[in-house]
Protein chains: 2
Amino acid sequence: MLSTMQDSQLSIAQLLRYGSTFHADQEVVTWTESGARRRSYAEVGRRCAALAHALRTLGVTGDQRVATFMWNNAEHLEAYLAVPSMGAVVHPLNIRLFPDQLVHIANHAEDHVVIVDQSLLSLLVPQLPHLRSVKHLVITGPNVDDVDVPAGIEVHSYEDLLASSPTEFDWPEIDERAAAAMCYTSGTTGDPKGVAYSHRSIYLHSMTVCTTAGPALKQGDRALAVVPQFHVMAWGLPYAAFMTGASLIMPDRFLQPEPLAELIAAERPTFAAAVPTVWLGLHRHLQRHPQDVSHIDEVIVGGSAVPASLMHTFADDHGIGMLQLWGMTETSPLGSVARPPADAEGEERWRYRYTQGRFAPLVEARLIGPDGAVVPNDGESIGELEVRGPWVTGEYYGVDAPEKFHDGWLRTGDVGSISRDGFLTLTDRAKDVIKSGGEWISSVDLENAVMAHPAVIEAAVIGVPDPKWDERPLVAVVLDENADVSVATLHTFLTDRVAKWQLPENWAIVDDVPKTSVGKFDKKRLRSQFHDGDLTVTRI
Amino acid sequence: MLSTMQDSQLSIAQLLRYGSTFHADQEVVTWTESGARRRSYAEVGRRCAALAHALRTLGVTGDQRVATFMWNNAEHLEAYLAVPSMGAVVHPLNIRLFPDQLVHIANHAEDHVVIVDQSLLSLLVPQLPHLRSVKHLVITGPNVDDVDVPAGIEVHSYEDLLASSPTEFDWPEIDERAAAAMCYTSGTTGDPKGVAYSHRSIYLHSMTVCTTAGPALKQGDRALAVVPQFHVMAWGLPYAAFMTGASLIMPDRFLQPEPLAELIAAERPTFAAAVPTVWLGLHRHLQRHPQDVSHIDEVIVGGSAVPASLMHTFADDHGIGMLQLWGMTETSPLGSVARPPADAEGEERWRYRYTQGRFAPLVEARLIGPDGAVVPNDGESIGELEVRGPWVTGEYYGVDAPEKFHDGWLRTGDVGSISRDGFLTLTDRAKDVIKSGGEWISSVDLENAVMAHPAVIEAAVIGVPDPKWDERPLVAVVLDENADVSVATLHTFLTDRVAKWQLPENWAIVDDVPKTSVGKFDKKRLRSQFHDGDLTVTRI
């Protein structure tokens, strides 16, 4: 029996209509060298219509990709809204990619148009000769200078295009399962892979950002989006803000602590989103230059684990609650949000905040243990996290990657536990966990246990082949140069701290642990060093 | 280009799984003569599985209808969750219907099973001989006595059925557009008409109940559902509570102010939903028997317009914010919620609260004026409200009613204005508005203007045929018996108060205005009185 309900499609055009009319007076603020630029949502609505007309004029039809190479600003918001609403696919390019990755991604997505901020032209122009599908370069900013581009690419001024276009557009009806936007994974191994979000997935995700089970963004909030729009659609904040009638505060290229603090003082956000390093930088700045930021009620933090000390600092020094969230490009990104249960108090409340959070109602999650079976959500059993749901990807765009999926679930590559009440605690990456005799040993837990010894500067743990147990842990440890401790001492130190079968028998004292460009342990290189015989290993 | 997102279905089973695991410790409280009965959501989950097994045993297959004839209680919640999750359709019957309406509805829906509260048996049993499709009567309560039913109907004890059934069920995958639940309109004219909600519509509606744009129900709330589960699915509260992890407080049959106050004192709800008369009754009771109810943070009120005085009283005397909402059976029901904008202050804030509220993001609304064209959302232009969206009905179940729809929009029969920021103010019913020379005159506005005269006890306005203007207003007025005012005086009184073209020329002084069973003006009868020549009309 079919329901009698209307067969409405969830669509970005519907969201655009709603926000630009019923929340007409909300605004998107863009920071500039000379302060704030302001644009009401009513005006954004009119300019979106003009942008859609302009893109049609440039030949954008059907589901062609319109890329952006932009900071967070009003024009980027317009591209977010107008491009999907006209039926095309908006594709934010990560401006921080290596050139060859950028070229690969733009060619793979077959981007037809690139909208680029004038301030980013010098990064993009050298790559244009390699971009095979790009026919139009649309440059934002008030006065667009001549740009030297390869034959076959036309250059346009964004503002000129809009100025000559009508401010109403008859948005087409679009199947909610059609692609609306694309992002590529950062791709630590292999080529970056594309994920295409649908109108439906973005709409449902945006609703969740506005629910009490999620970040609970609300009408009248002033939401500071530091998380770049080229990182998983700025965590969905631009769409959610337009849906619920929150104003958006966009830092453009002014992402250093000093201008951010200035922007915050001028625009008094009530809500914000950024990765931990941004908050850390801001905190250090505020220590030297005190400023009341308590108008910020809550911030969402993701991208990497948030140090507990940072959360406490923000609560104690600035009166700001930090909500950790977990997600990935493949999950739109909101998978879980660490909002403590209403009845948790004191220390318990903090323990909930330290987790990666409770899964959103539409995100189903399970853990697959070492033997390939689902392990219980008891807060202790460890497994690889698998998720599914309407804003979780079921494949990659134009690439076959069966190893990333398992019976219709996305394999996240993250390892951890889920509590009985649905809170995720990550302990490791699946590729770093040590598979020992059918059990898993968390490399991160072992590292923390070793680093608790006062003589240890840092410690990285990898799994190394073992004829009996498949893998056993190896600890690469950097010791304080003044300390006089042996491997045996460290081993003994651990006996009280980890289960007996987890005690590492392989130790290597090293001068330093290899690190990635962002300062994380480079375990891949550590593994190569071991395999190449470059580590002096003591067995105990 | 299709997105790469998973093709997950929004489903009640998913919601049931989520709430009964990650919010396992939340509870549904049912009030009884001897205090509260409690059941955790984990237990509700197990009992839903058992109920589904039991219904299968009774032969419930496919999308068969399982009716309920129940108060708000834990068992009714189980039926709400289990029946749709197994693929069948839950159909709450209104226990207050006239017998012939009840019989019509149950036969029309082809209810196969009726789950009935023991306390309501005496109301249902006399109608059983007329119910053509019912094969099973399932009676809730601890000790089910023998019941005399017609041949062909089997009687079961709800608890016995559950006790003998497994507590896990392999919920089937269901198309999200399949029917999950049914309600019939109250049908003031003609037969009641059925609306079939889908898994999708219920899921999206529940999300909205948990968004900041809606009632913002949240984890840890204790939600008192006074609005009956047989009235538009209790405004979606049971599903939303299960989704977000709010506990439910169910009054069962204890709906009078005294036991309600007792229930409130014992269970300390933080949120509640009921029609205005319930709040009025509770307020009167609290005046005589003071009790702190300030733990109730917010209540949602709908079903009929909320008197401003009641809102102020609840704010001033009890510290409770009242959120008016507008909706109907055909809209699931949440259409709009009167949450004032964040920047509205003082008197302005109250003015927003007096409206029917701002439309939810997924409810599109427009006003059709007297000439059939869309009128602007300027807060002044008046038109008939039409809505569309994924939880708005597009037809009625098994009945053709083209007059209720207009180019895919639902004609609500309500007349009013929409402000620029999307707030609805209803002024009349479409059938009561006076169509005069291509313009509309609100009968309610005219009534209020006339009633402002001190000599007027009450006044009802209807449209009567006019050769030149199609219709003109007629005022039926009840005068204070001690007053000595003429129709001319009243007419003069109005000249400053309404536009000249709206001034009524037809007046009838009457002893009383005919009323419906719920005390509203019965304008249908007033119109008959006019047509039958039973009114003495003075023309001016």
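Quick one: Karplus J couplings for the range B:399-405, per residue in order, coefficients 6.51, -1.76, 1.60, θ = phi - 60°, nearest Hz, x for Gly and Pro?
9, 8, 9, x, 5, 8, 10
Convex hull volume of the Cα atoms in chain B, per residue, in Å³?
Spelled out: Cα convex hull of chain B, divided by residues, is 181 Å³.
Hull surface divided by four, with the convex hull built on the Cα atoms of the range A:107-175: how many nm²?
Mean shadow area of the hull around the Cα atoms is 6.2 nm².
What order do you get for A:471-480, B:191-200, A:255-264, A:437-446 when each peptide is scored by the mean count of other beta carbon atoms within 10 Å, highest first?
B:191-200, A:471-480, A:437-446, A:255-264
Rounded to the nearest 0.05, what FRET efficiency do A:THR57 and B:HIS406 have when you use their Cβ-Cβ distance and R0 = 45 Å?
So the FRET efficiency works out to roughly 0.85.
Less than 11 Å Cβ to Cβ from A:LEU224, Lys/Arg counted +1 and Asp/Glu -1: what total charge do the surrounding residues give?
Counting the neighbours of A:LEU224, the net charge comes to 0.
Other chains near A:349-362: what is the mean number of their Cβ atoms within 10 Å of each residue's Cβ? Don't skip to the end; give the middle numbers.
Values: counts 0, 0, 0, 0, 0, 0, 0, 0, 0, 4, 2, 1, 14, 8.
Counting Cβ atoms of other protein chains within 10 Å of each residue's Cβ and averaging gives 2.
For the range A:1-55, what is the per residue volume of the convex hull drawn over the alpha-carbon atoms, in cubic angstrom? Can you show the working numbers first?
On the way: hull volume 6.4 nm³, N = 55.
Spelled out: Cα convex hull of the range A:1-55, divided by residues, is 117 Å³.
What is the sum of charges around A:LEU93, taking Lys and Arg as +1, Asp and Glu as -1, for the other residues whose C-beta is under 14 Å from the C-beta of A:LEU93?
Summing Lys and Arg as +1 and Asp and Glu as -1 gives -2.
May I ask you to work out the translational diffusion coefficient for the range A:8-196 at 10 °C, viscosity 1.306 mPa s, via Stokes-Einstein with Rh from the Kirkwood sum over Cα pairs, reported in whole µm²/s?
The Stokes-Einstein estimate is 94 µm²/s.
What FRET efficiency, computed as 1/(1 + (r/R0)^6) with R0 = 41 Å and r the Cβ-Cβ distance, is obtained for B:LYS500 and A:GLU168, rounded to the nearest 0.05?
That pair, B:LYS500 with A:GLU168, gives E of 0.65.
From the C-alpha gyration tensor of the range A:1-99, pull out the three semi-axes of the equivalent ellipsoid (sqrt of 5λ each), sorted largest to smallest, in whole Å.
Result for the range A:1-99: semi-axes of 26, 20, 13 Å.
Report the percentage of all Cα-Cα pairs in the range B:434-539 whose separation exceeds 19 Å, rounded to a whole percent.
39 percent
Please list, in chain and number order, the residues 5+ apart from B:GLY327 or on another chain whose amide H is under 5 Å from its amide H, with Hs placed from the backbone.
Counting only residues 5 or more places away or on other chains, the set is B:GLY303, B:GLY335.
Computed over the Cα atoms of the range A:247-338, what is the ratio Rg over Rh, Rh following Kirkwood?
Looking at the range A:247-338, the ratio lands at 0.95.
Would you mind checking the pairs A:LYS468/A:LYS524; B:LYS193/B:LYS520; A:LYS218/A:LYS520; B:LYS218/B:LYS520; A:LYS468/A:LYS520 and listing those with alpha carbons more than 26 angstrom apart?
A:LYS218/A:LYS520; B:LYS218/B:LYS520; A:LYS468/A:LYS520
Give me the base-10 log of I(q)/I(0) for the protein assembly as shown at each q in 0.05, 0.06 Å⁻¹, Debye formula, one uniform scatterer per Cα, rounded to two decimals.
The computed values of log10 I(q)/I(0) come out as -0.37, -0.53.
Can you list the aspartates and glutamates whose alpha carbon sits under 15 Å from that of B:LYS135, skipping same-chain ones fewer than 8 residues off?
The qualifying aspartates and glutamates are B:GLU110, B:ASP111, B:ASP148, B:GLU154.
Kindly write out, for the range A:120-125 in residue order, the coupling ³J(HN,Hα) from the Karplus curve 6.51 cos²θ - 1.76 cosθ + 1.60 (θ = phi - 60°), rounded to whole Hz, with x marking Gly and Pro.
3J(HN,Hα) across the range A:120-125, in whole Hz: 10, 3, 5, 6, 8, 3.
List every residue whose amide H lies under 5 Å from the amide H of B:THR68, counting only residues 5 or more places away in sequence or on a different chain, with H placed 1.01 Å from N in the peptide plane.
Those lying under 5 Å, H to H, from B:THR68 are B:HIS91, B:LEU93, B:ILE115.
Laboratory data are not the source of any read-out in this text; all were calculated from the coordinates shown. All of these numbers come straight from a predicted model, not from anything done at the bench. Because the Cβ atoms are built from the backbone with ideal geometry, glycine has one as well, and the counts that use them run over all protein chains shown.
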